[in-house]
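> Could you have a look at this structure, given as structure tokens, before my questions?
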Amino acid sequence: MTKTYDYDLFVIGAGSGGVRASRVAAAHGARVAVAEEFRVGGTCVIRGCVPKKLLVYGAHFAEDLQDARRFGWEVGDCAFDWPTLRDNVLAEVERLEGIYGDILERHDVEVVNQRATVSGANEVTLADGTKVGAGTILIATGAHPVIPDVPGAGHGITSNEVFHLEAMPRRVVIAGGGYIANEFAGIFHEFSCHVTLVNRGDRILRHYDEQIRDRLLQISLMKGIEFKFNAPFEKVEKQEDGTLRIFLAGQDPIETDLLLWAVGRAPNTADLGLEAAGVALGKNGAILVDEDNQSSVPSIYAIGDVTDRVQLTPVAIREGQAFADTVFGNKPTRVDYANIPSAVFSHPPIAGVGMTESEARNKLGSPKTYTSDFRPMKNVLAGRNERSLYKLVVDESNDKVVGIHMIGPDAPEILQAAAIAVKAGLTKAQFDETIALHPTMSEELVLMR
Ligand code: NDP
């Protein structure tokens, strides 16, 4: 590494990907600094996966407390106190932020608590005007929630603000039909809010298996969540009493107390100095990189959501690791993007890996599918009419299981282990040879015939 620069590596953004890249590069001997304008930990830790999952746990008590009565527990009147959950979650986030800071410090990574922009192929400029030289620059600035360009859109909030609500609203409208929309539909509903999910198209979670997302829609409707499809927003008006009036094309207006935008996330590349430095950007502002995370400027790399490849934390972490091992560890590594498992923490959750049935039909011709449609025994005793659905997609030519899709309690926990089998290319016969673990829900995976 040349010593003519202040640092061997300057990372912009201390989220999941940036932190991993910084500490691994430092462990390989590089002199590393990371700039963070907000909070160390990034979206996942501060205002994404982690606090969301804690709210999902908190929300699920609504059903657990109800079901407990069928299991003999005398549960008195229960009341939910949002400020208690909110403040406990925010305190946990603060604890994790501290841990992330400690990790960087332990690895001798210098944390610069201000915004940094690129001012040359080997130079960044900090918000206070300081110019810093770096042999390599890594952009790991993540993405931000999109707010559509409709009149009054600013009256809505995004996932950035949702963790800080003063009080639980009585009615919520959620715009979008993807991950955030369905996860927060479940959360708000369990907290007794009336939820209306408004989608521009005619389907939710379009990258998931059709039968699985249909089951979520069915269960959500049964619970009382309302859906409006093919309903583009026209405008949002704030009324004198503080409530919102939402106008949708071809539909009656909706009155609500809260509007949550969940219509996707766009890369954070604005005003970063990238175009001036010659870094090529894609149509939505994403940094274009090659398989080694290198941009069109050889000394500038990018990982994570800012590249808009797969917007998932574990993928950003893998990219950060691969970047640091390749550039500073003399260990060329590329991320394998095949068979990435993913989950939606809805109520109940969905999880999937590999090809959906329709993807397999397009790619393989006529795949074989196996399904198990069952009512988990806990739901039976609880009198909860909520069925789970598991599905295996098999390539008939070689018997390999090329996709697993599930909806039901703990589906993401179960799928993580099952994803190993898909990644390893195991066959349906090998699933069948495995003896069931009884009584569990996951035994269905080896009992489908
Ligand atoms: P998603 O990409 O999941 O879904 C966006 C939704 O908004 C889709 O239904 C889309 O409709 C709709 N939409 C897009 N643009 C507009 C628009 N201009 N007006 C109206 N509707 C629109 O986005 P999210 O915001 O839910 O989440 C962002 C990303 O964060 C996800 O893609 C995911 O990668 C990540 N994430 C992952 C989670 C997890 O792993 N559990 C949890 C939360 C987020 P259409 O289908 O028609 O395009």
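> Cβ contacts < 9 Å: first residue of a type in the set (Phe, Trp, Tyr), restricted to segment 421-448; second residue at pLDDT below 95, any location; separation 6+ or different chain. Result?
Taking only residues 6 or more apart or on different chains, not a single pair turns up.
> So, Pro151, is that one buried (at least 16 other Cβ atoms within 10 Å of the Cβ) and either at negative phi or more than 13 Å from the ligand (Cβ to nearest atom) (or both) or not?
Answer is no for this residue.
> Here's a follow-up. Residues being within 24 Å of His207 (Cα to Cα) and over 16 Å from the mean Cα position of the chain (by Cα): count how many of those fall in segment 148-192.
Qualifying residue count for the region: 6.
> Can you tell me which of Tyr337, Tyr390, Tyr370 is within 16 Å of the ligand (Cβ to nearest atom) and aromatic (Phe, Trp, Tyr)?
Tyr337
> Let me ask another. Looking at (1) near the ligand (Cβ under 9 Å from one of its atoms); (2) surrounded by fewer than 24 Cβ atoms within 10 Å (Cβ to Cβ); (3) on the phi < 0 side of the Ramachandran plot, which one does His164 not meet, given that it meets all the others?
(1)
> Right, another one. Has segment 251-258 got at least one residue that is acidic (Asp, Glu), in a loop (DSSP other than H, G, I, E, B), surrounded by fewer than 21 Cβ atoms within 10 Å (Cβ to Cβ) and touching a Gly at 6+ places or on another chain (Cβ under 9 Å)?
yes
Results for (1) among the β-branched types (Val, Ile, Thr); (2) farther than 20 Å from Leu364 by Cβ, shown as yes or no for each residue.
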residue	(1), (2)
Val401	yes, no
Ala411	no, yes
Gln430	no, no
Glu433	no, yes
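> In this structure, does Val236 turn out to be among the β-branched types (Val, Ile, Thr), in contact with a Gly (Cβ under 7 Å, 6 or more places away or on another chain), closer than 30 Å to His405 by Cβ and touching a residue at least 12 places away in the same chain (Cβ under 8 Å)?
no
> Looking at Ile204, Ile246, can you tell me which residue is surrounded by 22 or more Cβ atoms within 10 Å (Cβ to Cβ), within 14 Å of the ligand (Cβ to nearest atom) and within 22 Å of the chain's Cα centre (by Cα)? If you could, list the steps in order and put the result at the bottom.
Values: Ile246 fails: within 22 Å of the chain's Cα centre (by Cα).
Residue meeting the stated conditions: Ile204.
> Within segment 182-190, does at least one residue satisfy the condition of being out of contact with any helix residue (DSSP H, G or I) (no Cβ under 7 Å at 6 or more places or on another chain) and either more than 15 Å from the ligand (Cβ to nearest atom) or more than 16 Å from Leu55 (Cα to Cα) (or both)?
no
The values are calculated or read from the model by the stated rules, or taken from the named source; none is laboratory data. Source: prediction; values computed, not measured. Backbone-built Cβ (ideal geometry, glycine too); neighbour counts: all protein chains shown.
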